[in-house]
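The next block holds one structure in the form of structure tokens; read it before the comments.
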Amino acid sequence: MQIRGDRSITHLYYLYFYPKEGIDMKLVSKAVLFASLLVVFVQPVLSETSAEHVQRTTIAAQEGDRDAQSAMASYYSNGMHGLPQDYAKSAHWNMLAAEQGQPDAEISLAIQYMNGTGVPQDDAKAVHWLQRVVEPDIPRANYLLGYMYEAGRGVLQDKVKAVKYYRVSTYRGYQPGLFSLGNMYLQGQGVEKNYSEALDLFKQAAQWGHAASANNLGYMYEEGLGTEENLELAMKWYRASAEQGEAYGFASMGSLYYNGKGVSQNKVLSYTYYTLAKKQGYNENPEELTEMISDLTAEQIEKAKRVADAWSVDDPLPAANDLIMSH
């Protein structure tokens, strides 16, 4: 593989040694330096084929390099660099790397035991590997161990310990940790209920693009929990969630349109958003959906389904204009 623009690099060198009048030589010098670094450091990496890269990494892994072993595990887990997706081989390499204390491998192996991918499902072993790696500067391990304590998987259920580990996971702004700790404050589990704390945690994660936190932040504004009720902000954050394909974000928008809260009531648009939510696995409030269907014509239902089926995460969210009936 070659870097496009080799002629341009050659031309830069020519200008550097044979300057022309009117050319800013400071810019040329900087460009030459950048081009040199590109050729020396980047081109060799890009020139290496996937097969060569895998061969080199495999040799290093077989020789006991724990980072190479972790890399091989990732390649097999994701089917990268021409390798087939193979969870058993991924687990094999993760185990070798984890036994040498490679943090990424320890976490990945724990997740494989949690989900039963490549190894028999075993929550106790998942906890074992998480406990080996859990440190304040490894937020994902703290988050996962917090989840295990919250759910009582592989350990006795302990919401207080769950809060402890979730809190540690937030120190570096880890978004799933912020979300889970916010939920603990929202529900008063393992910690005293505190809507203001929950609001702040959801806001931190939502501002960094965490879809589930954006939905929960919208809920806080809709219900006036930890803040004044603000339906405009509620819709703003529900939209931010839905734009990322979050099922609850779609359902929350559907609810606002169904009830006409902060927006003009539009049951066809509401049904469209509930349909999108169902496509993402949402199955709550079936009675509201049933009631909504009874208010719509067959043509409106069909139109809403078509709009929902056509939507993808790169598209603008459905709007009322998309649902105007043609005659």
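The values are calculated or read from the model by the stated rules, or taken from the named source; none is laboratory data. Small disclaimer: the values here were computed from a predicted structure and weren't measured. Heads up, the Cβs are rebuilt from the backbone with ideal geometry, glycines too, and the neighbour counts pull from every protein chain shown.
Numerical summary
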| read-out | value |
| --- | --- |
| Residue count for segment 196-223, restricted to those that are among the hydrophobic types (A, V, I, L, M, F, W, C) and not in a helix (DSSP H, G or I) | 1 |
| Criterion (surrounded by fewer than 19 Cβ atoms within 10 Å (Cβ to Cβ), under 19 Å from the mean Cα position of the chain (by Cα) and among the polar types (S, T, N, Q)) met by exactly one of Asn115, Asn142 | Asn115 |
| Residue match in segment 67-77 (condition: part of a loop (DSSP other than H, G, I, E, B) and either of a type in the set (D, E, K, R) or crowded, with 22+ Cβ neighbours inside 10 Å (or both)) | no |
| Residues within segment 160-172 that are surrounded by 22 or more Cβ atoms within 10 Å (Cβ to Cβ) and outside any loop (DSSP other than H, G, I, E, B), tallied | 5 |
| Options Gln131, Gln175; residue that is surrounded by fewer than 19 Cβ atoms within 10 Å (Cβ to Cβ) and either of a type outside the set (A, V, I, L, M) or in contact with a helix residue (DSSP H, G or I) (Cβ under 6 Å, 6 or more places away or on another chain) (or both) | Gln131 |
| Selection status of Glu299, closer than 18 Å to Gly218 by Cβ and either among the acidic types (Asp, Glu) or modelled with pLDDT under 90 (or both) | no |
| Hits in segment 78-102 - residues which are in a helix (DSSP H, G or I) and either surrounded by fewer than 12 Cβ atoms within 10 Å (Cβ to Cβ) or in contact with a Cys (Cβ under 7 Å, 6 or more places away or on another chain) (or both) | Asn78, Ala88 |
| Pairs, first of a type in the set (Phe, Trp, Tyr) in segment 182-193, second modelled with pLDDT of 95 or more and in a helix (DSSP H, G or I), C-beta under 6 Å, six or more apart | Tyr185/Glu197; Tyr185/Ala198 |
| One residue from Leu156, Leu201, Leu109, Leu145 being closer than 22 Å to Gly226 by Cβ and modelled with pLDDT of 95 or more | Leu201 |
| Hits in segment 208-253 (condition: farther than 20 Å from Lys278 by Cβ and of a type in the set (A, V, I, L, M)) | Leu217, Met220, Leu225, Leu231, Leu233, Ala234, Met235, Ala240 |
| Gln157 vs. criteria free of Cβ contacts under 8 Å to residues at least 12 places away in the same chain and either part of a loop (DSSP other than H, G, I, E, B) or within 30 Å of Gly182 (Cβ to Cβ) (or both) | yes |
| Selection count where residues are among the hydroxyl-bearing types (Ser, Thr, Tyr) and within 15 Å of Met148 (Cβ to Cβ), scope segment 158-205 | 4 |
| Residue in segment 233-240 that is hydroxyl-bearing (Ser, Thr, Tyr), surrounded by fewer than 23 Cβ atoms within 10 Å (Cβ to Cβ) and under 26 Å from the mean Cα position of the chain (by Cα) present | no |
| Test result for Leu186, more than 14 Å from the chain's Cα centre (by Cα), within 26 Å of Gly281 (Cα to Cα) and either at pLDDT below 95 or of a type in the set (A, V, I, L, M, F, W, C) (or both) | yes |
| Boolean, Met184 is closer than 30 Å to Ala308 by Cα, out of contact with any strand residue (DSSP E or B) (no Cβ under 7 Å at 6 or more places or on another chain) and assigned to a helix (DSSP H, G or I) | no |
| Residue within segment 125-138 that is of a type outside the set (S, T, N, Q), under 22 Å from Leu256 (Cα atoms) and in contact (Cβ under 8 Å) with a residue 24 or more places away in the chain present | no |
